[in-house]
């Protein structure tokens, strides 16, 4: 084999490797870890909790978290962690919510799953208010709800 053909093949392979590396870097820059497709959130949460019926969902503005309203007035969250996702049910009395200066969001502390703690900003104030009401309803333990219902 002539040296010209050998060098041509070598440069061609280097060119293909460089092209592949730049495309991978470009796709990684565009992938911010958000969930742009809510159908994906529904399927992923459904796999994690197959017995929970999803009634409604609200994604955060950055797409990195989705709050799910479930049947029986339960609430769930699906959170993006770079290359994987975590799903969990928010247990009654196991979340603390604080207001943020931006009325489109709130700060939540999950006592059972601290890696999901954070500030959650939504597209609209109405979305933030609705999800905070879900969490408020979920904040009361079942025994507290029974006591409140009997006293009313």
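What follows is calculated from the coordinates using simple rules that are stated; it is not laboratory data. Just so you know, these numbers come straight off a predicted model, no measurement behind them. Cβ coordinates were reconstructed from backbone atoms using ideal geometry, including for glycine residues, and neighbour counts include every protein chain displayed.
As a proxy for reagent exposure, ranking 115, 62 by other Cβ atoms within 10 Å from fewest up yields 115, 62.
Ordering 106, 49, 122 by the number of other Cβ atoms within 10 Å of each residue's own Cβ, fewest first, gives 49, 106, 122.
By other beta-carbon atoms within 10 Å, ranking 77, 42 with the fewest at the front produces 42, 77. Segment 59-114 and segment 39-58 have Cα centres spaced 14 Å apart.
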